[in-house]
Each structure stands twice: as structure tokens, then as C-alpha cells.
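Novice: Here it is, the structure, as C-alpha cells.
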Amino acid sequence: MRFEKWQALGNDYIIVEADQLPWELTPPRVKRICAPHFGVGADGILLLSHTDHPETVAELRTFNPDGSEAELSGNGAREAVLYLRRAGWTDENRFTIRTAAGPITPTITSERTCTLEMGRASLTSKDYPGGAEDGRGELEAGGRKWRFQHVSLGNPQLAIAMDEVDELDLLAVGPGLEQHPLFPNRTNVSFYRAARHGAGSRVRARIYERGVGETLASGTGAAGAAVAAFRTGVPSPVTVELDGGELEVEVSPELDVRLTGWAEPVFAGELAPELVRALADA
């Protein structure tokens with residue numbers, strides 16, 4: 001089974017074309033492949049399939065390292081988009097791919113950068129069924145109360161504004177928020193601090209990602225924090241500073257989101273026959 005490994009701001013994914021798979025990608029197989037010592041090691045797997053839809057280049061499925069399937073990853077989607085262009089699936093710089101969160105349309109701006117039109121963010125969703133119309137709420141986890149903004153970008157985002165972002169112990173507080181009963185499908189969590197910066201603004205964010213844990217970066221997490229900050233009066237565009245680097249998020253008055261950043265390949269490889277056989281029995 002051939003694959004490529006890509007990374008965007010330290011958020012690394014294994015990219016596999018569906019016709020390369022000798023078996024179905026089940027949760028145990030995803031966990032083994034993503035394991036750093038027993039597999040390739042990655043933050044997840046991006047599975048690309050051809051589609052009969054005339055206006056769509058590919059279908060993208062995104063798997064977390066715990067074996068669960070995510071609706072969308074902003075960093076992963078950029079990696080997949082640039083891979084598709086390099087691998088010859090299309091010669092266009094603007095095209096559409098299908099995801100579990102719906103279609104997204106990227107525009108490739110260089111060999112390692114692209115802008116994703118992420119669609120319109122929503123403040124209500126099935127992932128926060130008891131939520132208010134404005135998505136704002138308060139919950140208790142880890143022995144303290146948290147005020148938050150729920151944002152849906154096809155996947156659930158919980159954005160929490162706070163001054164002490166860099167001092168926060170994400171491994172201690174993240175699990176209780178990710179798995180809080182308010183969110184039946186769990187939730188991604190962004191802790192952020194916003195400040196105006198010239199004509200736009202800057203947001204410092206740290207991410208605890210559903211099914212992953214603390215990450216160096218998350219595209220949808222950055223977008224969720226940017227939308228939350230925008231709703232408090234912070235102007236767009238928003239430069240989001242993550243542990244792995246920076247992303248630019250544009251938010252319209254209607255909450256349409258555009259995400260710009262880079263991604264690049266790390267290496268290409270092939271799973272050893274021994275691992276392929278072991279995975280067949282998993």
C-alpha cells in the first residue's frame with residue numbers, strides 16, 4: 001500500500017488513494033497505521049477517492065488517530081488539495097472536493113499554499129443540540145466554569161476566550177471539555193486570546209482536537225477561534241497564531257469563512273508486506 005505523508009504547521013497526515021487499499025480502513029487499522037512506534041505515525045489519515053460527480057475532483061474522508069472519522073480538517077484538506085494537484089488528479093488551480101462536511105472549493109496560489117472556501121459557519125448545530133441561537137453558553141469541567149462560543153464548520157468547535165492561553169494545561173482541561181455531555185458527538189476545543197492589529201487582527205490559539213488531543217495546529221480550530229473573535233468585534237482578516245505557525249482566516253458579515261495557509265510533503269513510502277498482513281487480521 002503506497003502513501004504519502006504531508007504536514008501543515010506540524011499537523012501531519014498520511015494520504016492514501018482508495019484504489020491502493022487492500023482492505024477497508026477500519027478503526028483498528030487506522031489506529032495502528034497512525035501509531036508512532038508500531039505504524040507510520042501521524043495525526044490522521046486522508047483517504048482520496050475518485051467520484052462520478054462531474055464538478056468534483058475527488059471525495060475526501062478524514063480519519064483521526066483514534067480510529068474515528070472527522071467531518072473535515074482544514075489543514076488536512078489543504079494537504080489533500082495540493083496532493084491532488086501534484087499527483088495529476090486535476091490541472092486546475094480552482095476546483096471542488098467533497099467531504100463529510102459538504103463540498104469545499106480551494107484555490108491554489110502556489111506550490112505550497114492555497115485558500116479554502118470553508119462555507120458558512122453556523123452558531124447552532126446537531127452537535128450542540130441544547131444550544132442557544134447565538135451559540136454562547138457556559139459549562140463546568142475540570143473544576144471550573146468556562147464561557148464559550150459554539151461554532152459549526154461542518155464539525156463542532158468550542159471556542160473559549162481567555163488571557164492565560166499559553167499557561168493553560170491543555171492535557172488536564174481538554175478531555176473534560178471535548179467529552180462534555182452538552183456535545184453528544186464530542187467537540188474540538190480552541191482556547192484563544194484576540195487583539196487588534198492594524199486593519200485586521202491577531203489571535204493566539206491553542207487547540208485540543210477531538211480524537212487527537214493537543215495539536216500543533218488545526219485549520220478548523222483556527223477558523224472557529226477566528227469566528228468567535230469576529231463576533232466580539234475583532235475585525236477580519238484574522239491572523240491566527242498556533243504552536244505550529246500562522247493561518248489567515250477571513251470572516252464575512254454572514255460568517256462565510258476563507259482559510260489560507262501552506263502544506264508540504266514530508267515523504268512517500270509503502271507499507272511493508274508484514275504490516276499489510278498484520279492489518280488484514282486487525
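The values are calculated or read from the model by the stated rules, or taken from the named source; none is laboratory data. The model shown is predicted, which means the values in this text are computed figures rather than measured ones. Cβ atoms come from the backbone with ideal geometry, glycine included; neighbour counts cover every protein chain shown. The accessibility values were calculated without ligands, DNA or RNA, using every heavy atom of the protein model including side chains. Shrake-Rupley method; radii C 1.70, N 1.55, O 1.52, S 1.80 Å.
Novice: All but one of (1) open to solvent by less than 40 Å² (accessible area, probe 1.4 Å); (2) outside any loop (DSSP other than H, G, I, E, B) hold for PRO28; which doesn't?
Specialist: PRO28 satisfies every listed condition except (1).
Novice: Further question on the same structure: Regarding the stretch 33-49, can at least one residue be identified that is part of a helix (DSSP H, G or I), under 20 Å from the mean Cα position of the chain (by Cα), closer than 20 Å to GLY219 by Cβ and modelled with pLDDT of 95 or more?
Specialist: Let us first name the residues in the stretch 33-49 that are part of a helix (DSSP H, G or I), namely 33-34.
Now drop any that are not under 20 Å from the mean Cα position of the chain (by Cα), which leaves 33-34.
Then keep just the ones that are closer than 20 Å to GLY219 by Cβ; that gives 34.
Then keep just the ones that are modelled with pLDDT of 95 or more; that gives 34.
Yes, the stretch 33-49 contains a residue that is part of a helix (DSSP H, G or I), under 20 Å from the mean Cα position of the chain (by Cα), closer than 20 Å to GLY219 by Cβ and modelled with pLDDT of 95 or more.
Novice: Continuing with this model, one more query. Is at least one residue of the stretch 99-111 over 26 Å from GLY245 (Cβ atoms) and hydroxyl-bearing (Ser, Thr, Tyr)?
Specialist: Within the stretch 99-111, none of the residues are over 26 Å from GLY245 (Cβ atoms) and hydroxyl-bearing (Ser, Thr, Tyr).
Here is a yes/no grid of residues against (1) modelled with pLDDT of 95 or more; (2) of a type in the set (Val, Ile, Thr):
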site	(1), (2)
LEU171	no, no
LEU177	yes, no
PRO184	yes, no
ALA205	yes, no
GLY219	no, no
ALA229	yes, no
GLU248	yes, no
THR260	yes, yes
PRO265	yes, no
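Novice: Which number in (1) under 24 Å from TYR83 (Cβ atoms); (2) in contact with a helix residue (DSSP H, G or I) (Cβ under 8 Å, 6 or more places away or on another chain) marks the one condition that ARG258 misses?
Specialist: Exception for ARG258: condition (2).
Novice: Just to confirm my filter: which strands (runs of 3 or more DSSP E) fall fully inside the stretch 94-155 and include at least 3 residues that are surrounded by 19 or more Cβ atoms within 10 Å (Cβ to Cβ)?
Specialist: Working: elements: 97-99, 102-108, 113-120, 136-141, 144-152.
Filter on the stretch 94-155 gives 102-108, 113-120, 144-152.
Novice: Which pairs turn up if I take residues in the stretch 238-261 that are surrounded by 19 or more Cβ atoms within 10 Å (Cβ to Cβ) and look for partners that are among the acidic types (Asp, Glu) and part of a loop (DSSP other than H, G, I, E, B) with beta carbon separation below 9 Å, at least 6 apart in sequence or on another chain?
Specialist: Once the first residue is surrounded by 19 or more Cβ atoms within 10 Å (Cβ to Cβ) and sits in the stretch 238-261, no partner that is among the acidic types (Asp, Glu) and part of a loop (DSSP other than H, G, I, E, B) comes close enough.
Novice: Oh, and also: When you look at PRO65, is it within 21 Å of GLU264 (Cα to Cα), assigned to a loop (DSSP other than H, G, I, E, B) and not aromatic (Phe, Trp, Tyr), yes or no? Outline the logic, then answer.
Specialist: Details: within 21 Å of GLU264 (Cα to Cα): yes; assigned to a loop (DSSP other than H, G, I, E, B): yes; not aromatic (Phe, Trp, Tyr): yes.
Answer is yes for this residue.
Novice: Check the stretch 55-69 and report whether any residue there is under 19 Å from THR107 (Cβ atoms), open to solvent by less than 30 Å² (accessible area, probe 1.4 Å) and either polar (S, T, N, Q) or under 12 Å from the mean Cα position of the chain (by Cα) (or both).
Specialist: Yes.
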